[in-house]
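Worksheet: the structure to be examined is printed underneath.
The values are calculated or read from the model by the stated rules, or taken from the named source; none is laboratory data. Predicted model, so just to flag it, every value in this text is computed and none were measured. All Cβ positions, glycine included, derive from the backbone under ideal geometry; neighbour counts span all protein chains shown.
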Amino acid sequence: MANMAQALRLALHYGEENLGVTDIFGQDVGAPLGGVFTATQGLRTAWNSPLDERGIVGAAMGLAMAGSRCVAEIQFCDYIFNTIDLLKMAGNTLWSTNGQVSLPLVLMTPVGAGIHGSLYHSHSFDALATRLPGWKIVMPSTPLEAYGLMISAIKDPNPVLYLVPKALMRVRGEELIPGEPEQEKELRAMIDAPIGDRSQWKPRWPKIREYTLPIGKAQCLTQGEDLTIVTYGRMVNLCRSILKDYSEDSIELINLYSLYPYDWQMVKRSVQKTGRVLFLNEDSEVTNFGEHLAYRTTRELFYSLKASPRVLAGKNVPGIGLHPHLEDSTIPQESDLRQAMDELIHEVP
Amino acid sequence: MVKTRILEERLIRIYKAGQSYFWIGGAGEEAFGVPLGLLVHKGMGLKYDWLHMHYRATPTLIAMGMEMRDSIALTMNRASDPSTGGRNFCNHYCYPKWNVAPVTSPIEVQYSIALGTAIAQSRIPDGGITIVTGGDAGTAEGDFASSLVWSSRKGAELPLLITVQNNLWGISTSYSTQHGEEKISDRGKAFGMKTLTFDGNNPIESYIKLQESMEYVRKKRKPCLLEAMVSRLYGHSSASGANWVEGEVDCVQTFGERLLKGGLLTENKISEISNRYDEEAKRISQNLLAEPGPEPETLWDHFYLNRESGNWREF
């Protein structure tokens, strides 16, 4: 099975061959590296830009204005902060021009902790991203999702911010991407660049097929009666890892892979059934996106609730420390999740 | 030049009469902006020139054929404002039919956004060029450096005309207190660019220098950095009063005097031209007073394309 980096590469290849993608670019995106996580290796339209995040975002906006279709990358979201006014502008261009100028572009950036990345390779961006009206915000949790969401993002006529959980880049999926060879080794031989001299290397692309995940929808991964968990990105996997400790019909796990627009109807139906809900993500906890969802739950579903809605998120500290003691104390861990779930399930109204 | 000056002065009057919330504009940049508008290859698509301009671009737009009404409707934030539908400031134009990218308030972003249209134009034969305009203060921002770095990469040069209208002011801060470089255009030399600085208050010199620079970029498909020395005749914006500033060169007056001296115009003709445009601008603004602004229910329109809702209450 493909890992997430390979899945992104396959989707981008599909995009440049079938969906009119003209430019895939950013720092180290082109040859010889093909992206620091190898997600852009071997792509026909990939090229290296100067190490200049504002130039990357600005160029992407200009390319979109000129009718090109691009996927730009900021190497780590920790370095996207100096582009914030350009991101605001990309989001408001259609609105501020009264519908005259649209910017169909995809900006992808790796997010989150989990690789011992210290202060500048561990940040999350979902809370800030959801405060950029006009953008669509997505984040996958499996390679197949990564593939489907990237194709959806490329096809979308609006700017799409594609957040990639960097800790999942090397994690293999459990489902084949349509057209992917069954043997992992075969896929590697076809599309992974060799170590060393790559100057003569060319990928052999499998005959992949289109697969999309609708932006604005969510997936209900498990049905349950006792508790709803709404999460996305690598926190989906954290939840999956402990679900086996709960009875089969206990936990309703919702994968909110589209953060904005989001599938409120699915969240609503679930919370009306369980009466208890946990919003889980790894961004810092103050003015967290989960707080918006918790507020909305309280406001609209108050009389369905059996326990107060809860947000479990990263600690509001200035950075993610390098030592595992610091990172693990900052980002929700299995024990934190289990404690929050148990408290919610046993809370007496 | 007279038409755009009369228009800007009408916009200031509209502001001072309490009929708009803000004025910012291009009074003092006519001798640069009008030649630019006359020389641009106007149209839609990569074959034509792209313009990424700052908020003093009225002279260029007027020279390109913009109606006075468009500018006044924008200033008065009327629903019929063709650039923003009443959503943005005076002089924040947008004309997709002429490749005029949306003008925004940040003073530098156009220098990095322009890279994208220039990249797209660099790939087609006989493509147009991208022209970016901005003020001297904005050159301190990183986006200006981005335009120099990206456009001059060896083997990947861009057909980008980078222009700076240097009025020697950034709001209330003088150029001399913030710049060590003698000329802004000198910065282009480090990137191997063609560079030039000229008197942007002289429309004939502006026309010749702009024509020469545009032809260079058009033919060589390489960038050029030009700096035009201009005036700022009513201060930064209405925030600083929008009052006439003494001691600055008034390019409309000096060019008028030159034409009078050369026998190409008469005092009567100048008065007739000025009065005609003034009457027109006054009539338009009076008519627009009766026009509605955008309706409150249009607030969420154009959040996403194709009427897709971005209102979370509707998710």
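Some values worked out for this structure:
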{"item": "Filter result (within 14 Å of chain B (Cβ to nearest Cβ), more than 10 Å from the chain's Cα centre (by Cα) and touching a residue at least 24 places away in the same chain (Cβ under 8 Å)) within the stretch A:130-148", "result": "A:THR130, A:LEU132, A:PRO133, A:GLY134, A:TRP135, A:LYS136"}
{"item": "Scan of the stretch B:141-159 for residues that are facing chain A (nearest Cβ under 10 Å) and among the basic types (Lys, Arg), ordered by number", "result": "B:ARG153"}
{"item": "Only one of A:GLN200, A:GLN265 that is free of Cβ contacts under 8 Å to residues at least 24 places away in the same chain, farther than 22 Å from A:GLN333 by Cα and within 14 Å of chain B (Cβ to nearest Cβ)", "result": "A:GLN265"}
{"item": "Leading residue by the ranking (farthest from A:ASN92 (Cα to Cα)) among those in the stretch A:4-60 that are surrounded by fewer than 23 Cβ atoms within 10 Å (Cβ to Cβ), free of Cβ contacts under 8 Å to residues at least 60 places away in the same chain and of a type in the set (Gly, Ala, Ser)", "result": "A:GLY30"}
{"item": "Pairs with Cβ under 6 Å, 6+ apart, first in the stretch A:80-97 and acidic (Asp, Glu), second surrounded by fewer than 23 Cβ atoms within 10 Å (Cβ to Cβ)", "result": "A:ASP85/B:PRO106"}
{"item": "Residue among A:PRO165, A:PRO157 that alone is assigned by TED's automatic domain parsing to the domain that holds A:ARG69, of a type outside the set (Asp, Glu) and within 26 Å of B:ARG307 (Cβ to Cβ)", "result": "A:PRO157"}
{"item": "Residue check, B:ASP70 farther than 26 Å from A:PHE25 by Cβ, surrounded by fewer than 24 Cβ atoms within 10 Å (Cβ to Cβ) and either at the interface with another protein chain (Cβ under 10 Å from one of its Cβ atoms) or charged (D, E, K, R) (or both)", "result": "yes"}
{"item": "One residue from B:GLY37, B:GLY26, B:GLY65 being surrounded by fewer than 21 Cβ atoms within 10 Å (Cβ to Cβ) and under 15 Å from the mean Cα position of the chain (by Cα)", "result": "B:GLY65"}
{"item": "Close pairs from the stretch B:99-128: first within 7 Å of another protein chain (Cβ to nearest Cβ), partner among the hydroxyl-bearing types (Ser, Thr, Tyr) and part of a loop (DSSP other than H, G, I, E, B), Cβ under 6 Å, at least 6 apart", "result": "B:PRO102/A:THR97; B:ALA120/A:SER68"}
{"item": "Identity of the residue in the stretch A:212-233, away from every other protein chain (no Cβ under 14 Å) and crowded, with 24+ Cβ neighbours inside 10 Å, that ends up nearest to the chain's Cα centre (by Cα)", "result": "A:GLY233"}
{"item": "Any hit, the stretch B:165-185, residues being part of a strand (DSSP E or B), closer than 21 Å to B:GLY37 by Cα and in contact with a strand residue (DSSP E or B) (Cβ under 6 Å, 6 or more places away or on another chain)", "result": "yes"}
{"item": "Qualifying residues in the stretch B:28-47 (those that are within 11 Å of another protein chain (Cβ to nearest Cβ) and not small (Gly, Ala, Ser)) - the one farthest from B:CYS251 (Cα to Cα)", "result": "B:LEU46"}
{"item": "Selected residue (criterion: farthest from the chain's Cα centre (by Cα)) from residues of the stretch B:270-303 that are within 30 Å of A:GLN265 (Cα to Cα) and more than 13 Å from chain A (Cβ to nearest Cβ)", "result": "B:GLU297"}
{"item": "Residue count for the stretch B:119-144, restricted to those that are crowded, with 19+ Cβ neighbours inside 10 Å and of a type outside the set (S, T, N, Q)", "result": "14"}
{"item": "Per-region count, the stretch A:112-148, residues part of a loop (DSSP other than H, G, I, E, B) and under 22 Å from A:MET1 (Cα atoms)", "result": "6"}
{"item": "Criterion (touching a Leu at 6+ places or on another chain (Cβ under 8 Å), more than 30 Å from A:THR130 (Cα to Cα), acidic (Asp, Glu) and surrounded by fewer than 19 Cβ atoms within 10 Å (Cβ to Cβ)) met by exactly one of A:GLU248, A:GLU182, A:GLU186, A:GLU175", "result": "A:GLU182"}
{"item": "Matching residues, the stretch A:149-185, being in contact with a Pro (Cβ under 8 Å, 6 or more places away or on another chain), away from chain B (no Cβ under 14 Å), not hydrophobic (A, V, I, L, M, F, W, C) and not in a loop (DSSP other than H, G, I, E, B)", "result": "A:PRO165, A:LYS166, A:ARG172"}
{"item": "A:LEU86 vs. criteria of a type in the set (A, V, I, L, M, F, W, C), in contact with a helix residue (DSSP H, G or I) (Cβ under 6 Å, 6 or more places away or on another chain) and assigned by TED's automatic domain parsing to the domain that holds A:LEU163", "result": "yes"}
{"item": "Test: residue in the stretch A:94-111 that is closer than 28 Å to B:ASN91 by Cβ, within 20 Å of the chain's Cα centre (by Cα), modelled with pLDDT of 95 or more and in a strand (DSSP E or B)", "result": "yes"}
{"item": "B:ASN306 vs. criteria within 14 Å of another protein chain (Cβ to nearest Cβ) and at pLDDT 95 or above", "result": "yes"}
{"item": "Residue that is nearest to B:SER20 (Cα to Cα) [pool: residues in the stretch B:270-300 that are in a loop (DSSP other than H, G, I, E, B) and either of a type in the set (Phe, Trp, Tyr) or out of contact with any helix residue (DSSP H, G or I) (no Cβ under 8 Å at 6 or more places or on another chain) (or both)]", "result": "B:GLY293"}
{"item": "Residue within the stretch A:50-63 that is facing chain B (nearest Cβ under 9 Å), out of contact with any Leu (no Cβ under 9 Å at 6 or more places or on another chain), small (Gly, Ala, Ser) and closer than 22 Å to B:ALA120 by Cβ present", "result": "no"}
{"item": "Residue under evaluation B:GLU227, criteria (1) in contact with a Ser or Thr (Cβ under 9 Å, 6 or more places away or on another chain); (2) among the charged types (D, E, K, R); (3) in a loop (DSSP other than H, G, I, E, B), criterion not met", "result": "(3)"}
{"item": "Residue in the stretch A:101-109 that is touching a residue at least 60 places away in the same chain (Cβ under 8 Å), buried (at least 23 other Cβ atoms within 10 Å of the Cβ) and not assigned by TED's automatic domain parsing to the domain that holds A:LYS315 present", "result": "yes"}
